[in-house]
Structure formats: structure tokens, C-alpha cells
Amino acid sequence: MLTWTEPVQYPVSPELAQAVGGHPLVAQTLARRGLGEPAAALGFLDPAFYQPCSALELPDMDVALDRLLYAIQREETICVWGDFDVDGQTATTLLVSALRQVGGRVVYHIPVRASESHGISLQVLHRLIAQESPSLILTCDTGVSAHQAVAYANQCRVEVVITDHHELPAELPPALAVVNPRRLLRPGLPGHPLETLPGVGVAYKLVEALYERLARAEDLEQFLDLVALGIVADVAGLTGDTRYLLQRGLKVLQRAERLGLQIMMGLADLKPARCSEEHIGYLLGPRLNALGRLGDANSVVELLTTQDQERARQLAVELEGLNARRQLLTSQVYHSALALLEQDPGLLDYAALVLAHPAWPAGVIGIVASRLVERFRKPVVLVAAPPGEVGRASARSVDGLDITAAIASQAPLLEGFGGHSMAAGFAIQPEKIPEFRQGIARYVDGLGERPPATLIINDYLPLHELSLDLAAELERLAPYGAGNPPLVLASRAVRLQSYAPFGRNQEHLSVTVEDGLGRSQRLLWWQAGDELLKSETLEKLSAPDYIFDLAYTLRTSTYRGQRDLQVEWVDYRPSQPGIAAQLRPRIQVVDYRQQEHPMPVLSRLLSTEENLQVWAEGEALQKLSQAGLPGAGKFCARHELSPGRGLVIWTAPPSRGVMQEALERVSPQQVWLFSIDPHLDQPEAFITRLAGLVKFALQRQTGRVELERLAAAMAHRQGAVRKGLEWLEARGDIEINGEENNQVKLSAGDRRIQPELELVAQELDLLLEETAAFRAYFDRAEPEFMLS
């Protein structure tokens, strides 16, 4: 368990609230993260409002640009030298593609991990210069520490331009240009918007400068899907231009115009229109990384550039096989590491965990080191040490401890090292590992006791407020990652209702918790099965009288084409003494959903029951109000509901979240279920009605529409209605002029169709399909389960 940091309410100005709109948590989070000015907040949420930096702000960019232009004009051979991780793969592909499109003669090389490791191998460089005769070597995601290789190239009269983003050495190599965003940083001065660019980001800025010089800036967008892949896979800080490029890149990735990525997504069962940074991190990135870890990553350039369907599929299928092997090897190494600790528990007493094994494949030990850091919350070093060979190590760290500095303290024991504050690698003779273990532990101990790991809680919410609509609102803050973590929310006083392991190796848990009012919520607890199923933690959590506070994150997810709320377990702590579970009020349910003639049934019900609220939406509400039904029933849209004894659900709700909000507003003792279809889940019907309501708002309401009222009139979720307005804007029918207090200001459009219309239409179709799926579920599900 972590130490929880309670929510801090930051002042939100009326200007910020007006500019941002939507759920108050969005504006509150922006203010908390230093984006309290409306202009900065809008630039964060929407790349259309962000002003990116010029590529020429990067040191040596002008020199690199001039040399590149000279090489293209003189038809010199340019060798692009990359790296085998996803950042290096995408940077190499980007440079090769971009240079060839403007007439460059380009060859390329990505090191083979098994024989070369990171950086520029002198042996391979010698062979490449002899075979290809390049006049210029252009590195990407590597080279900033390649002093010997650059010196050798200079001796061979081959000039070198370095583009990299890794830590700067004490002295730069003797290259013609070193383009590295870390050169922008100055002690005591604010950071620079370009400072967190990964290797592919630096490569893109070089191409940006080149294409702008050649008056081809309109061709740059085609490369942004590669930039998005590299940014996420390299865990780059999502601030400034890096976030901006990722936001734009995700839009390009969602169009899936690159054949190789189309096929990869198909094999991964990923719909392109739903592709997010999470899918890059957990589906696409690992597949590309598997090639670099276990094979030869040079083929990735062909995969990401070929127009040959058969060849692209062949390469993508090979990736699938390598990824399956990576998963197997990772599991084997992880369990092998745990077995070593069972044999020698004293290894956990060291301030840094250092483990070695002769049979471990070097390509996956970094992944396993990260998992062990999460489990033991201390720096981890794993060494693949085959007999008779130099051991190759991967290290991962915890926040606040620079692992590269810790490794550097043991430099006399090493054959070489490199990395950054959170991850590093090095080579070591196997017999020196025990001495290294003791030395790095002394170094970490010498830093003093680190403060306990903390978890920032952004807000407390009751379980019934968790909904797909809320998750969609919070995802306006996405893409998430380093520098922009997802919001961690918490609910007080819950108990564990059930759990079940799942996953290929039963390594994850599906957990259901229940609050004092009987509201239940399913969560996913990743990587919990291995540890918890063998411990007393689950037994403690499962005790009927154990009440705890639960921290979690919310996301929207898509599984088999259906969009749903995904709640992910983060942490828990015992609830404070005195917080007791309350008894859940039982709701009596009368089910009329399968009645062929529901109107007479409703008429009889209104004649016999007093003070009923009939919840209806869309045109159904208007028809009921004009039907002359008997009794004193009140016909209501969702925003008109109020506390009462009885509730009739007439129209099938658009989502569980909307239904739960209605139940919370009324808190009924008895519910009568009908399931009238509003017939607004098909795109044509949806757009026709929405356009009519918008036209009325423009003529009669000065263009102002309240989202909740509009959603009720449409019988849909607010997210679907907002997407529908975006579709009308993309078609040129309207212009959206901002949102304040859940009110959207609209004006007439210019009738010009925008290029994003097709993508917005796809997103709208998916939202409508989700709503139709829930209505179908509502029509047949067991009432007790559905209303729980």
C-alpha cells in the first residue's frame, strides 16, 4: 500500500471554467497541473490551439539542415543509423521515407541487438562505409556518446550529423552537428517546449525544417503516425511539443493509412478509429519492440513503408510470432527471478535488487526488471550472463533515484554503460556481479532514506458516479503518460464482493467491490494474480467485515466492437474507524418490458398509483405528454427527475451511467420497467433529429444549447450528442464557439466540409453502436442485476 496524498482543490477561474466546460474535474486538474490560464488549457486539450516551436530552435539544426540539403542536391549517399527500440525504428523509417521522397539517396542500418547492442559499432561502421560509400551518416535516437565512431568516420572523410535525445556526455563527439533537445536546457531556467522530444520527435523536427525549406510542409502530416508510436513506446514526457505531436499523430494513426500498421492492427483485433496511446503502449509497441529484442529490426522499415499487401502481411505475421515468444520468455524470466529470491531471500535486503542468470535472454530482462520494480518498489538490475561471455544488464529505477548515476558509481567494474535516470544498461564480467551488487547498494544507501512512495488522489467519488460518460469526459485530458498521468480517483468504505483470476497465466484479477448502498463495480487488477493468490492479502480483503478505501483509474475501452467503462485497481487502504457499511434499500421491480401494447398498461398504472414519475426521452416524451393519460403522473426527462417513491422507466436508457444517475436522482422504492425504443440509434435518424434541434436553437435560443437537455431530447448520452455536434461542424452546418457550464454556444457554419468529417463519422457510428448495444441489453437483462 502507498501513502495517499489527499485531494487539493486549486482555484479555478470563471474564465478557465468557461473555456474548458464539461465536468468540473477537467478544469480542476488543468489548474492543478499548472494550466490555469485559458489559453494554456485550450492548447493542452486541443492541438488546434497550441503554437508549436520552430525546428530551428534546436541547437545545430541549421547546420544539419544545410548539410542534408547539400547531400540531396549532390546526390550523395546518406546513411541513416538508427536504434532497435520502437523510438529508433520509427525515427529510422521516418528519415528514410522523408529523404527518399525528396530525392535523397538513402541507405540505413539498425543495430542487431544480439550482436551489436545500442550505439554505433566500429566493426559494423567500418563494413558499412566500405560497402555503401556514404558521404554523410545521419543518426537518429543514438550517437550523442559515440566519440570513437564519429572520430573514425571523420578519418574516413565521412561527415556525421547526430540527432539524438539521450543524456549529454561531458564532451560532445566531434560531429558536424549534434541536434539534441537536452542542449536547450540551462540550469535555473524554465524548461523548453522541445525538451522532452524522443528520438523520433527530433528526427521529425529535422524533416519539418527540410520540408519547410523545400516548400513541402503540407506533406509532413503523413509521418505523424510514426512520431506517435515512438513517443508512447519511449515513454517520453507528454509536455509542450511532444504532447502536441502525439495528439496529432494519434489522429493520423486512427486513419490507418500505412499498410503495415493496418495489418498489424487487424492481427491485434484493434479498430483503428479507437487507437489510443494505451493501444500503442500495450498492443503495437510491444510487437515492434519484440522485433528489436529478439530479431533484426531492419525489416521494420520495410513493414512500415511497403505498399505490397502480401509482403506487409508476411512481415506482420512474423512480428506476431516474435511477440508471442517475447511474452513467453518474459514470463519465464519473471518466475525464474522470483525463484532466485525464494532460494536466497537475503537478496531483498540490499537497497538495490541485483539478480543474474546464465540462461536469461538479454532481450527481455528490461521488461522483467520493470515488473520487479513495481512489485518490490526498489531499483532492479537484471544481468543476462551466459558462461564465457560478458554479461549484459538492464536496470530500472524508482522515482527520485537516478539509476544511471548509481551505475556510474561502479564504472571501474563495468565494460561500458549508458541510459537515463529511470532506465539504463551496461556490460559486466559475470565474476564481478557480487561486487557490483554490494557497491550499488552502498551508493543507494548513501543517498539517505527516500520518502515513502505516495499516491496522489485527485478526488473521491461514490461508486454510482462512475460511468462511461465520466470516463469520456476525463479522457479529454488524454493522451496520458509521463508528465501527464491519468487521474487517480477513490471511493470510501467498500468491501470485496468477489474476484477471479484471468489471463494466459492467470496473472490478472477481475475484482468486484460493493459499497454500503449495495452498488457494485467491477475492476481489473493487473499483474495481481501471481503475487496475491499466494499471499494473505486476498484473504484479508475478502473478510466480510473488512472495509477499505479503493483508489482506481477510469478509462473507456473497446472489446469486440463494444465500448465500455474500464475501472483499473491502483491501491487500497483500510477505511477510517467508524465508517460502517449502510444497508442497501431494496428496490421493488415490476417488469413490463415484453408487453406488446405498453400504452394501455401505463394508462392503468397511472390510474392506480399516485405521484409517479415517468422517465421518457426523445419524441416519446412529447407523445406521452400529448396522449391524455389519466392520473397525476409526471412525465420527465432525466434533468427533471426529483426524489420520489415510484419511477417508471419508459424509454430504454442510452447507457448504464445515465440510468444510474436517474435512479440516484429519484431514489425510488419501486420501479416499473418498460423498454420503448426511441429509434434514434441509426446515424441518419440521429443526425436528422439533432440537426432539427440545432436549427431551433440557432433560431430561437441565440445558438445556446444545454448538453444535458439536448441529450435528453435526443435520448442519448452527452458524449454522443457532443460528437454529433462535431459531425455537423465538420460538415460545415454549424460552428462550435465554446462550452461553459455544460452549455455549448453554436453559430451557423460556412458550409465547407472539413477533412476530419470521415473520422468523426466513424467515431459517431461507434458511439451509436454502443448505445444500441446497451438498449438491447436493457431489453433482456435480469432486472435485479441491471439495477444493482
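Remarks
- The range 408-441, residues that are more than 20 Å from residue 371 (Cβ to Cβ), surrounded by 20 or more Cβ atoms within 10 Å (Cβ to Cβ) and β-branched (Val, Ile, Thr): 428
- The set of residues from the range 42-69 being of a type in the set (S, T, N, Q) and within 30 Å of residue 26 (Cβ to Cβ) comprises just one member, 51.
- Put simply, of 228, 236, 268 the only residue that is modelled with pLDDT under 95, closer than 27 Å to residue 366 by Cα and buried (at least 24 other Cβ atoms within 10 Å of the Cβ) is 236.
- Looking only at the range 1-31, residues that are under 23 Å from residue 554 (Cβ atoms), open to solvent by 40 Å² or more (accessible area, probe 1.4 Å), touching a residue at least 60 places away in the same chain (Cβ under 8 Å) and not in a loop (DSSP other than H, G, I, E, B) come to 2 in all.
- Looking across the range 101-156, just one residue is more than 16 Å from residue 71 (Cβ to Cβ), of a type in the set (Lys, Arg) and more than 30 Å from the chain's Cα centre (by Cα), and that is 127.
- Qualifying residue in the range 421-432 (condition: assigned to a strand (DSSP E or B), farther than 12 Å from residue 381 by Cα and of a type in the set (Phe, Trp, Tyr)): no
- Among the residues of the range 613-671, those that are touching a Leu at 6+ places or on another chain (Cβ under 8 Å) and basic (Lys, Arg) comprise 634, 656, 665.
- Residue check, residue 397 in contact with a Pro (Cβ under 6 Å, 6 or more places away or on another chain), at pLDDT below 95 and open to solvent by less than 30 Å² (accessible area, probe 1.4 Å): yes
- For residue 364, the test of being within 31 Å of the chain's Cα centre (by Cα) and either at pLDDT 95 or above or of a type in the set (S, T, N, Q) (or both) is failed.
- Of residues in the range 448-492 being over 19 Å from residue 276 (Cβ atoms) and β-branched (Val, Ile, Thr), the one surrounded by the fewest Cβ atoms within 10 Å (Cβ to Cβ): 454
- Evaluation of residue 702 against (1) assigned to a helix (DSSP H, G or I); (2) open to solvent by 50 Å² or more (accessible area, probe 1.4 Å) (one fails), failing number: (1)
- Qualifying residue in the range 254-265 (condition: within 19 Å of residue 227 (Cα to Cα), buried (at least 19 other Cβ atoms within 10 Å of the Cβ) and in contact with a strand residue (DSSP E or B) (Cβ under 8 Å, 6 or more places away or on another chain)): no
- Test result for residue 349, open to solvent by 60 Å² or more (accessible area, probe 1.4 Å) and at pLDDT below 90: no
For (1) surrounded by fewer than 23 Cβ atoms within 10 Å (Cβ to Cβ); (2) among the aromatic types (Phe, Trp, Tyr); (3) part of a loop (DSSP other than H, G, I, E, B), each residue gets a yes or a no:
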{"residue": "663", "(1), (2), (3)": "yes, no, no"}
{"residue": "679", "(1), (2), (3)": "yes, no, yes"}
{"residue": "686", "(1), (2), (3)": "no, yes, no"}
{"residue": "721", "(1), (2), (3)": "no, no, no"}
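- Subset of the range 746-788 (residues that are more than 27 Å from the chain's Cα centre (by Cα) and open to solvent by 60 Å² or more (accessible area, probe 1.4 Å)): 748, 750, 751, 752, 753, 780, 782, 784, 785
- All positions within the range 638-655 that are farther than 15 Å from residue 611 by Cβ and assigned to a helix (DSSP H, G or I): 638, 639
- Check on residue 94, open to solvent by less than 30 Å² (accessible area, probe 1.4 Å) and over 26 Å from the mean Cα position of the chain (by Cα): no
The values are calculated or read from the model by the stated rules, or taken from the named source; none is laboratory data. Since the model is a prediction, treat every value here as computed from it, not as a measurement. Here the Cβ is made from the backbone with ideal geometry for all residues, glycine too, and neighbour counts use every protein chain on show. Accessible surface is based on the protein model in full, side chains and every heavy atom, while ligands, DNA and RNA are left aside. Shrake-Rupley method; radii C 1.70, N 1.55, O 1.52, S 1.80 Å.
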